[in-house]
Amino acid sequence: MTKSALQIARASYKPKVPKTLEGIVAIQEGQDTQAVSDQEEIKRLFPNTCGMPVITFISDTEKKSYSPVNVGVILSGGQAPGGHNVIAGIFDGIKEMNPASRLYGFILGPGGLVDHKYMELTADIINEYRNTGGFDIIGSGRTKLETKEQFEKGLEILKKLAISALVIIGGDDSNTNACVLAEYYAQIGAGVQVIGCPKTIDGDLKNEMIEASFGFDTACKVYSEVIGNIQRDCNSARKYWHFIKLMGRSASHIALECALQVQPNICIISEEVEAKNQSLDDVINDVAEKVAQRAEKGNNFGTVLIPEGLIEFIPAIKKLMAELNDYLANNDEEFKRVKRSQQRAHIIDKLSPVNAKIYASLPEAVARQLTLDRDPHGNVQVSLIETEKLLAEMVGNRLAEWAAEGKYKGKFATQVHFFGYEGRCAAPSNYDADYCYSLGFTAAGLISFGKTGYMSSVRNTTAPAAEWIAGGVPITMMMNMERRHGGMKPVIQKALVKLDGAPFKEFAAHRDAWAINTDYVYPGPIQYFGPTEVCDQPTKTLQIEQKA
Ligand code: FBP
């Protein structure tokens, strides 16, 4: 494999880790925990793994001896920068405990466990992937681990390889599955521990104990770099409005973080649209008004950041999507038999009158995108809905109406962009490289203490890495009951942008000025070598949250 100069230099980077992970480690147990809501139901569903205490690693002086352990690892869901370092951290952690320990990777996600596709991860392989982006060391996939048959098939291969602990690196849905699997293996006395690791560029797997999901930092830095470049282009040519959709599924954390980094003219926050009960028309009017205000000052250019999940947060469209989800979950076969040209009419016929009317009013392409296959977790694939084009087109139409009424005299030409895949496999920033390695090393520690149903947790990450706090959080602590696939299921609660949270307030305090003025910031590319204030900065979101 030919390597770039950066790859070669970066391979020898030694991730910074919390001091408590450096020597001999002991654990400190906190109070017993309970689910974030629906406590009784979660307790009933997870009798073995609910209620366990939060665990913190502390330094110890008494040297322990560990038996060798065989560990399996799975990368689940969308790629996120730093996954390879989590695996390197697990590898180094279990080898430090006992050099005879072995690590196996299941190929292409949870499906690899069920289909018995695996490879042993040796030192030579691990060393090739240290500090690199991507999940290609073993690949990732979105198979949902949920049935007893899958768990039993998985157990066959785990037993064959004498694996007594499995680490699932994934987002909220994958960690929910990790918890269900941990509970099942505990219930049947399978002798397999299951540990989760918080991954997703979306940033929506976070709570009091998990302050960030890995990959969010690097992905936002990559997007902010390119948005900054676009803003500079935009301010040089002064002739385009750029509509930029940003990945992130439901939550607007990525859009908000990028806005804090680049100071765009407009950034829509889906959670605010929902809270204000705005219609699509309201959103269009808001954007068009800002375009018109800038045009009055002769500025017929600007940037609009759009979170990928926006459409789901427009209350009327959310209700429509809930009905569509239920219909498609229960009538998938019937719907697939309908001819493509008749699908729109078929859906209109099946929906309640209110939702049918909204569905009928949507542009053809967007209406079709709303009925595309859900992912295996029942989520609408929002990355396939072209909201950036929808908004650019509808804002253009609104401005044309205003121009006809003599209310607007500007020029409006657009460029549309979607940034998502560009950031998911970037070489991890120092923050993600350090954080991920620490998460992996922590997961190895949790295994050594016989824990199951825990998520690896590393906190206090705005402080220097030596002061980070490592430990484990019971996954059940993050759960509640939600409607999925037409029924109520226990799931990890998704963290959306809090409108009373400090990062949103910071944005809200400046956005009017950013809309009118051209206050762009150009963050430039991620730096891997250089002063700590350039290379080791965590996200603005985290910095603002921790300061508040
Ligand atoms: P995860 O939640 O699995 O980490 O996925 C993140 C994400 O990048 C979302 O932002 C996006 O909506 C989705 O994956 C796209 O996934 P895919 O490439 O599988 O369609």
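The values are calculated or read from the model by the stated rules, or taken from the named source; none is laboratory data. As the structure is a prediction and not an experimental result, all values here were calculated from the model. Methodologically, a virtual Cβ is constructed for each residue, glycine included, from the backbone with ideal geometry; neighbour enumeration extends over all protein chains shown.
So here's what we get for this one:
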| read-out | value |
| --- | --- |
| All positions within region 389-427 that are away from the ligand (no atom under 16 Å from the Cβ), under 24 Å from the mean Cα position of the chain (by Cα) and of a type in the set (D, E, K, R) | 389 |
| Residue selected from region 222-266 under the condition within 24 Å of residue 78 (Cα to Cα) and of a type in the set (S, T, N, Q), by the criterion farthest from the ligand (Cβ to nearest atom) | 261 |
| Strands (runs of 3 or more DSSP E) wholly inside region 417-487 that include at least 2 residues being hydrophobic (A, V, I, L, M, F, W, C) and surrounded by 24 or more Cβ atoms within 10 Å (Cβ to Cβ) | 454-459, 469-474 |
| Pairs, first touching a residue at least 24 places away in the same chain (Cβ under 8 Å) in region 78-92, second within 12 Å of the ligand (Cβ to nearest atom) and assigned to a helix (DSSP H, G or I), C-beta under 8 Å, six or more apart | 78/424; 79/424; 80/216; 80/219; 80/424; 81/219; 81/423; 81/424 |
| Enumeration of residues in region 147-177 that are in a helix (DSSP H, G or I) and within 16 Å of the ligand (Cβ to nearest atom) | 172, 173, 174, 175, 176, 177 |
| Flag if residue 276 is among the charged types (D, E, K, R), surrounded by fewer than 22 Cβ atoms within 10 Å (Cβ to Cβ) and at negative phi | yes |
| Near pairs, Cβ below 7 angstrom, 6+ apart or cross-chain, from region 295-315 (modelled with pLDDT under 95) to any residue that is more than 16 Å from the ligand (Cβ to nearest atom) and basic (Lys, Arg) | 312/318 |
| Any pair with Cβ under 8 angstrom, 6 or more apart, that starts in region 417-441 at a residue that is closer than 11 Å to residue 201 by Cβ and among the basic types (Lys, Arg) and ends at one that is within 15 Å of the ligand (Cβ to nearest atom) and assigned to a helix (DSSP H, G or I) | 424/219 |
| Selected residue (criterion: surrounded by the fewest Cβ atoms within 10 Å (Cβ to Cβ)) from residues of region 304-323 that are more than 12 Å from the ligand (Cβ to nearest atom) and outside any helix (DSSP H, G or I) | 314 |
| Residue match in region 481-498 (condition: on the phi > 0 side of the Ramachandran plot and touching a residue at least 40 places away in the same chain (Cβ under 8 Å)) | yes |
| Looking only at region 185-212, and only at residues there that are under 26 Å from the mean Cα position of the chain (by Cα) and not in a loop (DSSP other than H, G, I, E, B), the one that is nearest to the ligand (Cβ to nearest atom) | 199 |
| Helices (runs of 4 or more DSSP H) completely within region 50-146 that count 1 or more residues being crowded, with 22+ Cβ neighbours inside 10 Å | 83-97, 110-114 |
